[in-house]
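The values are calculated or read from the model by the stated rules, or taken from the named source; none is laboratory data. Here the structure is a predicted model, which means the values were calculated and not measured. For neighbour counting, all protein chains shown are included, and Cβ atoms are generated from backbone atoms with ideal geometry for every residue, glycine included. SASA here: full protein model, heavy atoms, side chains in, ligands and nucleic acids out. Shrake-Rupley method; radii C 1.70, N 1.55, O 1.52, S 1.80 Å.
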Amino acid sequence: METEFTPYASLGGGLLIGLAAVMLMATLGRIFGATGILAGFIQPDSSSEFSWRAALLAGMVSGPVLYLAITGNWPAIEVPVSTPMLALGGLIVGAGVTYGAGCTSGHGVCGMARLSPRSIVATLTFMAGTAATVYIIRHVIGG
Amino acid sequence: MTKHVLIYLIGLTFGLGISISGMANPAKVINFFDFAGTWDPSLAFVMGGAVTVAFIGYRLVFRRAAPIWGKGFSLPGTRQIDARLIGGSLVFGIGWGIAGFCPGGALPALGTGRSEVFIFVVALVAGILLAKALQRVSARKKPKAAQA
């Protein structure tokens, strides 16, 4: 399935993502990592650690609604993946980000911006893993 | 209360950014990595934009001794590049390639109410809890193994 090349929208979205990461560091002194925020939300150490994550997640989930209010459309979500593979992928992502201590937002954006060697290694590793997996699924198995 | 409203707005900024960028769209994510097929380089612009803003913004923020609400900056203390980091990241990459959703893309996408997003996020939470349980078990086993 082809998707349209959207350099301006993607750049604009990226700028907002970066801005949110900077604001979270300026206010709470925290890394904007979706993995850490979610993990701390489902298993919080204390109620104060829970409440800021709950507020942040509520804001994140409201993002598509604001997008709808501005543009009149929901953000495009096309899923070229079967339900069992979606569930399998989710399970694998959850295990991987827990052991790898971060995902695209934590390592890929915040860690890279801090020039953290750990995050640079993690980002290069998961990007290579994703590219190899897509190649195998689409061009080796899928043919 | 003001604090939580502001944190909500920070989350909203992120969620809007994800919605505009295409990071919540598995077809676009998978195409970004499909160099040999229907390649769509858009997501390089997401990463480029986000990292550039964070790179500059963090430098301004770190000129202060502490964040607005807190004693200090909570930055990851460990600097070790080990098998756990590389193995975990590789596993994450495989899962991302299979499903096309990453945590930062999928969490805001819950707001669309799409069932595919819920399926992914439920599995994501299960994966996190499973891995945390395994980490606790292996942390408990280690001292015993050292004694034996």
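Tabulated data for the structure shown
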| item | result |
| --- | --- |
| Near pairs, Cβ below 6 angstrom, 6+ apart or cross-chain, from region A:43-58 (under 21 Å from B:PHE14 (Cβ atoms)) to any residue that is of a type in the set (Gly, Ala, Ser) and surrounded by 15 or more Cβ atoms within 10 Å (Cβ to Cβ) | A:GLU49/A:GLY40; A:ARG53/A:GLY40; A:LEU56/B:GLY11 |
| Any hit, region B:106-113, residues being more than 30 Å from A:VAL22 (Cβ to Cβ), under 17 Å from the mean Cα position of the chain (by Cα) and surrounded by 12 or more Cβ atoms within 10 Å (Cβ to Cβ) | no |
| Residue among B:ARG84, B:ARG64, B:ARG79 that is part of a loop (DSSP other than H, G, I, E, B), facing chain A (nearest Cβ under 7 Å), among the charged types (D, E, K, R) and surrounded by fewer than 23 Cβ atoms within 10 Å (Cβ to Cβ) | B:ARG79 |
| Within region A:94-143, tally of residues that are under 19 Å from A:ALA39 (Cα atoms), more than 7 Å from every other protein chain (Cβ to nearest Cβ) and not in a helix (DSSP H, G or I) | 1 |
| Subset of region B:4-34 that is more than 7 Å from chain A (Cβ to nearest Cβ) and over 15 Å from the mean Cα position of the chain (by Cα) - its residue that is least open to solvent (accessible area, probe 1.4 Å) | B:PHE32 |
| When residues of region B:46-74 are limited to those that are of a type in the set (Ser, Thr, Tyr) and modelled with pLDDT of 95 or more, the one farthest from A:GLU49 (Cα to Cα) | B:THR52 |
| Subset tally (residues that are at positive phi and not in a loop (DSSP other than H, G, I, E, B)) for region A:21-42 | 0 |
| Complete set of residues in region A:58-90 that are out of contact with any Ser or Thr (no Cβ under 7 Å at 6 or more places or on another chain), of a type in the set (A, V, I, L, M, F, W, C) and either open to solvent by less than 70 Å² (accessible area, probe 1.4 Å) or closer than 17 Å to B:LEU110 by Cα (or both) | A:ALA58, A:MET60, A:VAL61, A:VAL65, A:LEU66, A:LEU68, A:ALA69, A:ALA76, A:VAL79, A:VAL81, A:LEU86, A:ALA87 |
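Each row is one residue, and each column tells you yes or no for (1) at pLDDT 95 or above; (2) open to solvent by 40 Å² or more (accessible area, probe 1.4 Å).
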{"residue": "A:TYR8", "(1), (2)": "yes, yes"}
{"residue": "A:ILE17", "(1), (2)": "yes, no"}
{"residue": "A:ALA20", "(1), (2)": "yes, no"}
{"residue": "A:MET23", "(1), (2)": "yes, yes"}
{"residue": "A:ARG30", "(1), (2)": "yes, yes"}
{"residue": "A:ALA34", "(1), (2)": "yes, no"}
{"residue": "A:ASP45", "(1), (2)": "no, yes"}
{"residue": "A:PHE50", "(1), (2)": "no, yes"}
{"residue": "A:LEU56", "(1), (2)": "yes, no"}
